[in-house]
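The values are calculated or read from the model by the stated rules, or taken from the named source; none is laboratory data. What you are looking at is a predicted structure, and each value in this text was computed from that prediction instead of being measured. When we count neighbours, we look across all protein chains shown, and the Cβ atoms used for this are built from the backbone with ideal geometry, even at glycine.
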């Protein structure tokens, strides 16, 4: 093929991909509006509209035209001659094409219908603490996962195929030892914390905190941390999230608890971690599927890094403590920074994952990981779940849910078949600790910068090493380039050990 | 063709149209977001996205597939067997198809580029009072209108072809006598008002009005009037507008002037008039191009009716006066309802159309109508515009703009080629008066209802006669069915004469 006609084909492919990506952007905007602004009566029409445009998006990503482009551009000599962005774009499109095409359309359609029903049934079941009514739906969801894995194929472990959707390249073989380390060390550390006599009063954290003051303070902090409000905005939604229309328009949401400022503040810093990642992806990648975080785990590493490792650190509050006292003068009157720091880091085994502290959070994930793996390996059955859930809660956290609603029914994830997603939350913590370890070595004044409220050097370092690349580097590549190794949980457990030993005088 | 295959074809056509309409909905949402919520840096990416999706929308409405559907469904026996909604849908799609297809794509593209440039040049020209720099662009815009009219075709008058885009069926032959009546009677009435010794102090209207109080009061009033906030929302934008995603999601915007509550309040009632129309279109029409106001003029009749004939009437303030005094107690202290009513209806010749009172507004429109018609008839040249504009201002309003920025350069409409649009503003007033005349006869307690704040019977009457039909009836059909005649300006001039004679003791 001549260079000229090759160039023409590449341009046409890139144009096609840009159109496909445009549908994704439009869907993201319509979803954002649905979740933050749409009036109640408009929900039904919006859902229909989302269905129509999702269908168009799906058609573009699985069309014969796409197949033709992929076949032509994957031809070895042709592929070798492509620029790196187009090469990666071809590979991403191929992955999506194959994942979609391998499932017979009628089976996928059946799954979509089931998932929609399961979502409603789950809501009811949770509200009425009625696992039995949810069980047959969850059984079918699991059956679909097993069926889809057969279509998609797998090597060593069926669960790997699910993991790969959220964390490309991640395997059970890699995860098992990491998660065993986290589980064992966390359980041990938790035992010692629970036995520690060093406990302080934290009741000042649960009193009336004016919502307007919470919002103003949260905005102030995240803008200082580096969220660019000229390329984003913050709104209220039931479930906080971060969504990207372009690196120049990355929006976050939060929710306010009038009796606890931590929900909004740390939620905002968490979403800001996601948003800073997206705002700093190179605009060269805009209009391709590469203009996105490289994996859920790496994405979560950034939200967790900014929320916990920075936002819940002592240097951070050395900088912001006078500000928070100014924001809530009566509530924090007479509270020392030490007591405040202890309060926002207090460890308490609790039933609900999304309310868990930095240490016990990972134990909630371990329970879900172990259950998911065993379900996909067909070693346990859906009917066993409430019992297994409660046993593991007892074993790892020392408490047993009073109801299934506060236990196995608490999360939405399984209702839409998102098996393999939960592990990325703890992977985020693992990666965050690994990356922070290098960051601290290279920015030797790391803690001093945070104490001084100077976040730009940290952000710039992360931009240079992670953010700018989008999906140009796989998570393993990225991690290896930064740390010289793959996922390694020892940095996380060391960090937790050190942090909580100091707080609890262990 | 068998009934079964005919049914199948109709279903496929309706599905195709629904998809096309879905793009329109998505575009409306993306536009709303751009104008109310989008961060500054996100504007460029959004404009690109709008371009991509507009292109897709255009392709669907002008595709070979659409041509096939239209040809098959227009076949007389086939067409006769269609249900009324599908029949009207075919006619609407045909209209759009032909309008788009008749212009060579390269000429349309050239026009789009020119209009984008002209918009920027106009902004600069207005800011610097520099008509000369805008003139060559406006000349080209007019040339394009003339060229497009040749493609589209025309019968009696070239300008009819432009009018028909905004007011289907409207002609110069119909408009000329109506507008001559409005112009002559309004000029005469204005002369008598200016000569009236009965003038009152209105300085209480221009003082500091707290924006939050303005917003609360505006929301209160429009909800009472009938805007359904469960099927809509109100936000702030530079230029107020109403936009519809579905009858279940019709949004309005406003802007606040901290020194004049009238901008927001009457702006809100105006947009509410548009919104009540859209919220009450039959859901049977949703997913077709018929789920929309039937014309700009009829749409404007509803915004003007609610804003001026209801919102600026004495019965309306008999009901709301205690409320407005409660909202602005210091500003309205000692102001009688009569003085207030006079103030919000004061007639003052002014330079800027969008700030004009109910009477002089139409004179601003007459100037634009006469100029547009003469330009399209090639009786005047763009270069003559500043002089002609100022002459007509002098003749009709008795004042001459100090600058072109406050004269011929004030409106954006010509920059994007919207010739034929301006007349619909005054047509709205004409229609509103005609419809109100019947409404008052049929709801004999009309004024008492307004005084009692009972707007539901009025809204229901309008829903039954106008709103529910969407585009199922043409503007002329609709008007004839309600009033027994076509557009007739005498009701408007009678209404204005009566209202302002009372206010100014003429």
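Are any residues in segment B:44-67 surrounded by 15 or more Cβ atoms within 10 Å (Cβ to Cβ) and either more than 9 Å from chain A (Cβ to nearest Cβ) or not in a helix (DSSP H, G or I) (or both), and if so, which ones?
B:50, B:54, B:57, B:58, B:60, B:61, B:62, B:66
Select, from B:210, B:160, B:156, B:164, the only residue that is on the phi < 0 side of the Ramachandran plot, away from every other protein chain (no Cβ under 14 Å), surrounded by fewer than 18 Cβ atoms within 10 Å (Cβ to Cβ) and under 26 Å from the mean Cα position of the chain (by Cα).
Exactly one residue qualifies, and that residue is B:156.
Is it the case that segment B:137-157 has a residue that's free of Cβ contacts under 8 Å to residues at least 24 places away in the same chain and over 30 Å from residue B:487 (Cβ atoms)?
Within segment B:137-157 (the criterion being free of Cβ contacts under 8 Å to residues at least 24 places away in the same chain and over 30 Å from residue B:487 (Cβ atoms)), the answer is yes, since at least one residue qualifies.
Going through segment B:412-439 one residue at a time, which ones are closer than 13 Å to residue B:354 by Cα, modelled with pLDDT of 95 or more and not in a helix (DSSP H, G or I)?
Of all residues in segment B:412-439, those closer than 13 Å to residue B:354 by Cα come to B:412-413, B:422, B:425-426.
Subset that is modelled with pLDDT of 95 or more: B:422, B:425-426.
Within segment B:412-439, B:422 is the sole residue that qualifies.
Name, by its number, the condition in (1) part of a loop (DSSP other than H, G, I, E, B); (2) within 14 Å of another protein chain (Cβ to nearest Cβ); (3) without any contact (Cβ under 8 Å) to a residue 40 or more places away in the chain that does not hold for residue B:250.
(1)
Tell me, which helices (runs of 4 or more DSSP H) wholly within segment A:444-494 include 1 or more residues that are in the same structural domain as residue A:322 (by TED's automatic domain parsing) and exposed (fewer than 14 other Cβ atoms within 10 Å of the Cβ)?
Result: A:446-451, A:456-465.
If I ask for residues that are facing chain B (nearest Cβ under 7 Å) and either over 15 Å from residue A:254 (Cα atoms) or in a helix (DSSP H, G or I) (or both), which ones from segment A:26-43 would you list?
The answer is A:26, A:29, A:30, A:33, A:38, A:39, A:40, A:41, A:42.
Specify the residue that is nearest to residue A:240 (Cα to Cα); the eligible residues are those in segment A:197-207 that are part of a loop (DSSP other than H, G, I, E, B) and within 29 Å of the chain's Cα centre (by Cα).
A:206
On the basis of being away from every other protein chain (no Cβ under 14 Å), modelled with pLDDT of 95 or more and more than 30 Å from residue B:252 (Cα to Cα), does residue B:75 make the cut? Let's see the steps before the verdict.
Working: away from every other protein chain (no Cβ under 14 Å): yes; modelled with pLDDT of 95 or more: yes; more than 30 Å from residue B:252 (Cα to Cα): yes.
In short, yes.
Given the conditions (1) in contact with a helix residue (DSSP H, G or I) (Cβ under 7 Å, 6 or more places away or on another chain); (2) more than 10 Å from chain A (Cβ to nearest Cβ); (3) at pLDDT 95 or above; (4) over 19 Å from residue A:59 (Cβ atoms), which single one is not true for residue B:100?
Result: residue B:100 fails condition (3) only.
Testing residue A:289 on (1) in the same structural domain as residue A:229 (by TED's automatic domain parsing); (2) in a helix (DSSP H, G or I); (3) surrounded by fewer than 22 Cβ atoms within 10 Å (Cβ to Cβ), one condition comes back false. Which one is that?
(2)
Do you know which of the residues in segment A:290-310 that are under 21 Å from residue A:216 (Cα atoms) and in contact (Cβ under 8 Å) with a residue 60 or more places away in the chain is farthest from the other protein chains (Cβ to nearest Cβ)? Step through it out loud before you land on a result.
If we filter segment A:290-310 for residues that are under 21 Å from residue A:216 (Cα atoms), which is where we start, we get A:303, A:306-308, A:310.
From what's left, in contact (Cβ under 8 Å) with a residue 60 or more places away in the chain: A:303, A:306, A:308, A:310.
Numbers: A:303: 20, A:306: 20, A:308: 27, A:310: 24 Å.
This residue is A:308.
I'd like to verify a number: residues in segment B:255-289 that are touching a strand residue (DSSP E or B) at 6+ places or on another chain (Cβ under 7 Å) and within 14 Å of another protein chain (Cβ to nearest Cβ), how many?
4
In this structure, is residue B:110 closer than 22 Å to residue B:471 by Cα, away from chain A (no Cβ under 14 Å) and surrounded by fewer than 16 Cβ atoms within 10 Å (Cβ to Cβ)?
No.
For the subset of segment B:292-313 comprising residues that are surrounded by fewer than 23 Cβ atoms within 10 Å (Cβ to Cβ) and assigned to a loop (DSSP other than H, G, I, E, B), which member is nearest to the chain's Cα centre (by Cα)?
B:292
When you scan segment B:228-236, do you find a residue that is touching a residue at least 60 places away in the same chain (Cβ under 8 Å), within 25 Å of residue B:357 (Cβ to Cβ) and within 14 Å of chain A (Cβ to nearest Cβ), even just one? Steps first, answer last, please.
Applying the first criterion (touching a residue at least 60 places away in the same chain (Cβ under 8 Å)) to segment B:228-236 yields B:235-236.
Within this subset, residues satisfying the condition of being within 25 Å of residue B:357 (Cβ to Cβ) are B:236.
Then drop every residue that is not within 14 Å of chain A (Cβ to nearest Cβ), which leaves B:236.
So far as segment B:228-236 goes, yes, one or more of its residues are touching a residue at least 60 places away in the same chain (Cβ under 8 Å), within 25 Å of residue B:357 (Cβ to Cβ) and within 14 Å of chain A (Cβ to nearest Cβ).
Pairs only if they're at least six apart or on different chains, beta carbon under 6 angstrom, first in segment B:91-104 and touching a residue at least 40 places away in the same chain (Cβ under 8 Å), second assigned to a loop (DSSP other than H, G, I, E, B); list them, first residue then second.
As it stands, the answer is B:92/B:289; B:100/B:62, since those pairs meet every condition given.
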